[in-house]
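The values are calculated or read from the model by the stated rules, or taken from the named source; none is laboratory data. Being a predicted model, the structure only gives us computed values, none of them experimental. Glycine also receives a Cβ, built like all others from the backbone with ideal geometry; neighbour counts cover every protein chain displayed. Areas reflect the complete protein model, heavy atoms only, side chains present, ligands, DNA and RNA absent. Shrake-Rupley method; radii C 1.70, N 1.55, O 1.52, S 1.80 Å.
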Amino acid sequence: MKLTLKIWRQGGKFKGELVTYQLDNVSEHMSFLEMLDVLNEELVQKKEEPVVFEHDCREGICGTCSMVINGYPHGPMQGTTACQLHMRHFKDGDTITIEPFRAKSFPVLKDLAVDRAAFDRIIQAGGFVSVNTGQAQDANSIPIEKEQAAEAFDAAACIGCGACVAACPNSSAMLFTSAKVAHLSLMPQGEVEKQRRVQAMVRQMDEEGFGACSNITACEAECPKEISVEYIAKLNRDYFASSLGSETKVK
Amino acid sequence: MKLDGKVPGGPLEEKWTQYRSSMPLVAPNNKRRLEVIVVGTGLAGASAAATLGELGYNVKAFTFHDSPRRAHSIAAQGGINAAKNYQNDGDSVYRLFYDTIKGGDYRSREANVHRLAEVSRNIIDQAVAQGVPFARDYGGLLANRSFGGVQVSRTFYARGQTGQQLLLGAYQSLSRQISLGTVKMYNRHEMLDIVRIDGKARGIIARNLITGELERHAAHAVVLASGGYGNVFYLSTNAMMCNVSAAWRAVRRGALMANPCFTQIHPTCIPVSGDYQSKLTLMSESLRNDGRVWVPKKQEDAKAIREGKKTGLDIPEADRDYYLERRYPAFGNLVPRDVASRAAKTACDEGLGVAPTGLAVYLDFSDAIMRYGKSKAHSSGNDHPDEKLVKELGTAVISEKYGNLFEMYEKITGENPYIYPMKIYPAVHYTMGGLWVDYNLETNIPGLFALGECNFSDHGANRLGASALMQGLADGYFVIPYTIGTFLSKEIRTPKFDPNGEAFKATEKAVKDRIDNLLSVQGNQSVESFHRRLGSIMWDYCGMSRNAEGLRKAVQMVRELKAEFYNDVFVPGGNNEYNPELEKALRVADFMELGETMILDALNRDESCGGHFREEYQTEDGEALRDDENFTYVAAWEYPGNGQEPILHKEELVFENVELKTRSYK
Amino acid sequence: MSWFSTFLTSSVGRKLVMSLTGLFLIIFLVVHLIGNLQLLFDDGGEKFNLYAKFMTTNPVIKLTSYLLYAGILLHAIQGWLLWRSNANARETKYAVKVTRTVNTNSFASRNMGWLGTIIFIFILIHLYQFWLQMKMGVLEMVTYEDVEVDNLYYVVAQAFQNPLYVVFYVICMVVIAYHLLHGFQSAFQTLGLNHSKYSPLIRTVGRIYAVVVPLAFAFIPVYMYLQG
């Protein structure tokens, strides 16, 4: 099939603009990123600079790919990363607009690549269990209810791609932050530090300049791992309990 | 060069404990003065950097990703082995050790493997303490499943995302150390060379991938945990950015590449669909617990399927060949990966393949669905359910166990695997070969260590399923933090190195020249096209089966391709910018040199073992024929470069505890 | 900063303010509606005027009304600040953007700021027109059983004879309906009250509330206009 692509180019000779490319001979079995590979191969053949887009595992798990396709982070298929999106979901003659994930806290590096280091800093603020190597007790000494483990897992499934921020009209990172807070605080191992963790991670999230959550739920709708906004409610609960009801003060 | 594995003395089961208790230590006040560079932050690198940081060393960690959480360890699906014997099925450290040695076709070091089996138990404890959400039973205790090549259930798992959860555990530990200041993290930095001073590894040259700036980083020791080189085949289940460059640059500075021809071809991947394809997708081996592998018995049925006139559903039971169950009754569908892969190739070579390309076999869940459905109906008191209900209940069970994998399959192929049997085909997945290391995980360059898939140490000629995560974490959490002391304890008086010293400047210049050289070619062919061509040479001649004639031809082809590359490659853009094409060019250049070495290694090894199958060396019924008399050694290759042939060094493998037997899964 | 101001100025704390004031205003709307429904009695406004008198003189209600003014202001100011900072969190806008949502109205959820602004302007006009005039004592007085009260009914009935004003009023009620459509359940979500077993009920009640209450408000002027 033939496609018209409007792709955000930024950096080098491009000031930040949508550039139009025509692409013929796209197979419906290609993945979306393979379609971009074909475009880049054509650009290189013409000695032009290929479009920079981030990608790695192409299996929907590493969270590297990050683009907004026709207004949808990771494209129109729900529960799917851009790398798992296939061209059979598009029609011959379609025009496809491709933009980077946009948020002040995710500055564009080049074309479709953005810097998501803010997520790392949120994790560094408290998204861990403070246990040194070698200090652990026997794994089966902490039984965890199956349902609770499953709930923690659903939160832990987050791939840190940032689609939640890209989708949110407020550029809020609450789904990402709440998923990590919930994953850890739902398990007895992580519960020990939950008071400090929730305050520290929310504070870091705010410092990064993300917007506030206004419960639009676009994050859940676009999350490739379909993480629920229930975890945001849980974060709110935990945050109130920790800030107002515990001894913990995070300076 | 004499290769000393430095295996400590004493009985096998006490070697590690005794060695650990007697090895030199570095006092806490000295640790603060010592700097360690860790390159790569996947499972092995992140766990090593975190643990070294916890111990008090000054750690600098490097990854070319935007975050340590992206490393390809994240894609491991099935699970992680540990000799916990939680299922009371007779597992033990010795049995895990034995299975691993046997699974590796007796081409790994006994002492290393035994240590791996010992610490496997600590890994599970550690991961659980970090909050890794492993699967649990209703009693709240950890669940296990079985994996290929073993007869016990020792695999711990977290749905189909075990690698992700373990990596996030290690990433979170690393993040904690970053926040505490013991680890300084360099994201989006790619190591392009090792700096040696007086023969020892004392630093690296890294390129900031955003600005293109070359940076000099000094340390007392360098740890490489940069993963495997499966992408030398272009198409593999590895992530797009996986590469050999960090390891290969070490080789170019004198480290040895051990057993490079030992590559693992994973039997259950989604088949290739077209020549635009950029990578292959793995379907977890755990699927073989419930899926049955088959092809049609008749060529005309296979042909009809390939032409789209029939589907798998149209083939009656009597006309199906469940070839693994037929050939290997003891292990059935759970034979090790190398065996399963070759059997699939044999079936397709006989014209029984079921994809339009002719390269696919079925992995069928219909029996499992019926079995689970009946049992589920029975447990809810319905002893005579109709078929529809059984299917429904059984599908729900399968969906709970493998839902995400089935979804992924459907996304990629557009076909519903609950109805139509899955199509699978082997694909390159893991590389057992890697940098030669001794028992301390130190390469032949003093102060240069290699962990995880990057080294060659534990899996011999074939890795068992769910052992890669185990090895990566064993090396990072429980081995290197101790063994690095054997080197660093002698360095406590060594002052910090000046990154502006001569050695650093010279190495940086060499890197700069290499980059400028690639940029200056300004030819007509893309980096990608060279990579594709290299991959197809490697797959055709050094893939699932090899022969001397093909290998001789291939080595020539690779050399010619390399010459063409340096004459006609086109790398757009410049050095001082974010330039993924340049990154790729540097990696492909290294893949070519590695590919040449792999082929030479495969040519040298006149036997079939594990993932290395030489057509000349097989039994009458097509099984691998090992030659223990002549090839019970590690082949470690030195690559002098400058047009000189790689040089082979041998480390003889000594088996004191296991008897070398013909591997049989029949 | 003290722990409390750290809490209140955090994104989550600020949302708590929105949630609590929002819920308070939701309750107030019911009370207000009960009052307005008195207009429908065909008694020349006696019940309505007595009700208005009660609402402006009872000390408990008076105290509550100050809380209400504060609530409205707090909700508006905090909402405006959040709106502004949220808008700043994305400097370059998307050329193409589609916002899908889960269990909430996408239009309403995305436009709470605009909807709120319209409502705030409506409240100002509303207050000026009815409340302020009553406070300034410029209204006519009527006497019921020896009690003299302001004839607020007269002002209201007059206003509702203006078709433009009726249309304006009805439009504002639609705006409030949308604001509530998202706001009702959003307030619970912010409080952390999201539970797979109970949230469907909250959402259903919220939707019914968002439709029924503004509809009832809008019905009154339409009815009075048609009655002449």
For region B:120-149, which residues satisfy the criterion of being within 19 Å of the chain's Cα centre (by Cα) and either more than 10 Å from chain A (Cβ to nearest Cβ) or open to solvent by 10 Å² or more (accessible area, probe 1.4 Å) (or both)? B:SER120, B:PHE147, B:GLY148, B:GLY149
Pairs under 8 Å by beta carbon, first residue farther than 29 Å from B:ILE270 by Cβ and free of Cβ contacts under 8 Å to residues at least 60 places away in the same chain in region A:19-33, partner among the charged types (D, E, K, R) and not in a strand (DSSP E or B), six or more apart or different chains? A:GLN22/A:LYS2
Anything in region B:527-550 that is in contact with a Lys or Arg (Cβ under 9 Å, 6 or more places away or on another chain), modelled with pLDDT of 95 or more and either among the hydroxyl-bearing types (Ser, Thr, Tyr) or over 30 Å from A:PRO50 (Cβ atoms) (or both)? List them, or say none. B:TYR541, B:ARG546, B:ASN547, B:ALA548
Only residues that are farther than 28 Å from C:LEU115 by Cα, out of contact with any helix residue (DSSP H, G or I) (no Cβ under 6 Å at 6 or more places or on another chain) and without any contact (Cβ under 8 Å) to a residue 40 or more places away in the chain: list them for region C:24-61, please. C:ASP42, C:ASP43, C:PHE54, C:THR57, C:ASN58, C:PRO59, C:VAL60
Subset tally (residues that are in a helix (DSSP H, G or I) and either touching a Pro at 6+ places or on another chain (Cβ under 8 Å) or not polar (S, T, N, Q) (or both)) for region B:344-391: 22
Of A:ALA152, A:ALA139, A:ALA163, A:ALA118, which residue is closer than 27 Å to C:SER11 by Cβ, open to solvent by less than 30 Å² (accessible area, probe 1.4 Å) and within 7 Å of another protein chain (Cβ to nearest Cβ)? A:ALA152
Report yes if some residue within region A:102-111 is farther than 30 Å from B:GLY131 by Cα and within 7 Å of chain B (Cβ to nearest Cβ); otherwise report no. yes
Odd one out for B:ALA510, checked against (1) within 14 Å of chain A (Cβ to nearest Cβ); (2) part of a helix (DSSP H, G or I): (1)
Selection from region A:43-74 of residues within 14 Å of chain C (Cβ to nearest Cβ), open to solvent by 10 Å² or more (accessible area, probe 1.4 Å) and on the phi < 0 side of the Ramachandran plot yields A:TYR72
Among (1) surrounded by fewer than 22 Cβ atoms within 10 Å (Cβ to Cβ); (2) closer than 22 Å to B:VAL339 by Cβ; (3) not aromatic (Phe, Trp, Tyr), B:LEU603 falls short only on (2)
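Given the structure, is B:PHE570 at pLDDT 95 or above, closer than 30 Å to B:ALA111 by Cα and touching a Gly at 6+ places or on another chain (Cβ under 6 Å)?
No, not satisfied.
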Residue that is at pLDDT 95 or above, open to solvent by 50 Å² or more (accessible area, probe 1.4 Å), in a loop (DSSP other than H, G, I, E, B) and facing chain A (nearest Cβ under 7 Å), where the choices are C:LYS93, C:LYS97: C:LYS97
Going through B:ARG154, B:ARG188, B:ARG159, B:ARG176 one at a time, which residue ends up being open to solvent by 20 Å² or more (accessible area, probe 1.4 Å), among the basic types (Lys, Arg) and more than 7 Å from chain A (Cβ to nearest Cβ)? B:ARG188
Looking only at region B:121-139, which residues are closer than 18 Å to B:LEU174 by Cα and among the charged types (D, E, K, R)? B:ASP125
Please work out which one of (1) open to solvent by 40 Å² or more (accessible area, probe 1.4 Å); (2) touching a His at 6+ places or on another chain (Cβ under 6 Å) is the condition C:SER109 fails and give its number. (1)
Within region C:15-42, take every residue that is open to solvent by 50 Å² or more (accessible area, probe 1.4 Å) and farther than 20 Å from C:ALA210 by Cβ and give me the one that is nearest to the other protein chains (Cβ to nearest Cβ). C:LEU40
Strands (runs of 3 or more DSSP E) completely within region A:1-113 that count 1 or more residues being closer than 22 Å to B:ARG70 by Cα: A:95-99, A:108-110
Residue by residue through region C:15-60, note down the ones that are basic (Lys, Arg) and at pLDDT 95 or above. C:LYS15
If A:ASN25 passes every condition in (1) in contact with a helix residue (DSSP H, G or I) (Cβ under 8 Å, 6 or more places away or on another chain); (2) open to solvent by less than 70 Å² (accessible area, probe 1.4 Å) but one, which one does it miss? (2)
State whether the residues of region A:89-99 include one that is within 21 Å of the chain's Cα centre (by Cα), farther than 25 Å from B:ARG532 by Cα, open to solvent by 10 Å² or more (accessible area, probe 1.4 Å) and within 9 Å of another protein chain (Cβ to nearest Cβ). yes
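I want to confirm something. Restricting to region B:11-56 and keeping residues that are farther than 19 Å from B:PHE478 by Cβ and not in a helix (DSSP H, G or I), which single residue is most open to solvent (accessible area, probe 1.4 Å)? Please lay out each step first, then the result.
Within region B:11-56, the subset farther than 19 Å from B:PHE478 by Cβ is B:11, B:27-30, B:32-35, B:37, B:39.
From what's left, not in a helix (DSSP H, G or I): B:11, B:27, B:32-35, B:37, B:39.
On the way: B:PRO11: 60, B:ALA27: 42, B:ARG32: 150, B:ARG33: 129, B:LEU34: 2, B:GLU35: 34, B:ILE37: 0, B:VAL39: 9 Å².
Checked region B:11-56; the qualifying residue most open to solvent (accessible area, probe 1.4 Å) is B:ARG32.
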List the residue pairs whose Cβ atoms are under 6 Å apart, where the first residue sits in region B:603-615 and is among the hydroxyl-bearing types (Ser, Thr, Tyr), the second is open to solvent by less than 10 Å² (accessible area, probe 1.4 Å), and the two are 6 or more positions apart or on different chains. B:SER608/B:ARG614
Restricting attention to region B:542-598, and to residues there that are of a type in the set (D, E, K, R) and within 14 Å of chain A (Cβ to nearest Cβ), which single residue is nearest to B:PRO646 (Cα to Cα)? B:ARG587
Scan region C:124-146 and report the pairs whose first residue is farther than 21 Å from C:TYR165 by Cβ and whose second residue is in a helix (DSSP H, G or I), with Cβ atoms within less than 6 Å and a gap of 6+ or a chain change. C:TYR144/C:GLU46
Residues in region B:538-569 that are farther than 22 Å from B:ARG342 by Cβ and open to solvent by less than 10 Å² (accessible area, probe 1.4 Å): how many? 4
I'd like to verify a number: residues in region A:191-224 that are more than 7 Å from chain C (Cβ to nearest Cβ), aliphatic (A, V, I, L, M) and in a loop (DSSP other than H, G, I, E, B), how many? 1
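Would you check which residues across region A:225-251 are outside any helix (DSSP H, G or I) and open to solvent by 10 Å² or more (accessible area, probe 1.4 Å) and list them?
The answer is A:LYS225, A:GLU226, A:SER228, A:VAL229, A:SER246, A:GLU247, A:THR248, A:LYS249, A:VAL250, A:LYS251.
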